[in-house]
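Each remark here refers to the structure printed beneath this line.
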Amino acid sequence: MDFRQLFKLRLVVAALGDTQRLGWWNGGVLTGMGEYLFQQGFPRSSPFAQTRAGFRVAQLACDEALAIQPSQLVVPYLQVAGR
């Protein structure tokens, strides 16, 4: 699976979950109103910002459904070469 296909799949899941029909979560980020608000706040990068916000809402909803607390997450420390 290539990255473009994975990105499109994530976007479809986020968009479907944010719709009134499925209602997996109630973010409103990927709706018409969300699009309008992001265009007002981020005129040049609104599609990117809206997509990232949609992904984040989906991630938080899934974490809540799976009872994952932010304090339980372990983020690996990545060393940067030359620092």
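The values are calculated or read from the model by the stated rules, or taken from the named source; none is laboratory data. A quick note: this is a predicted structure, and the numbers were derived from the prediction, not measured. For accessibility, only protein heavy atoms count, side chains too; no ligands or nucleic acids. Shrake-Rupley method; radii C 1.70, N 1.55, O 1.52, S 1.80 Å.
Filtered by the rule that a residue be open to solvent by 50 Å² or more (accessible area, probe 1.4 Å) and aromatic (Phe, Trp, Tyr), the range 1-52 gives Phe3, Phe7, Trp24, Tyr36, Phe42, Phe48. When you check Gly17 against the structure, is it of a type outside the set (D, E, K, R), modelled with pLDDT of 85 or more and part of a helix (DSSP H, G or I), yes or no? Spelling it out, it is not the case that Gly17 is of a type outside the set (D, E, K, R), modelled with pLDDT of 85 or more and part of a helix (DSSP H, G or I).
Return yes or no: is Ala67 modelled with pLDDT under 85, hydrophobic (A, V, I, L, M, F, W, C) and not in a loop (DSSP other than H, G, I, E, B)?
no
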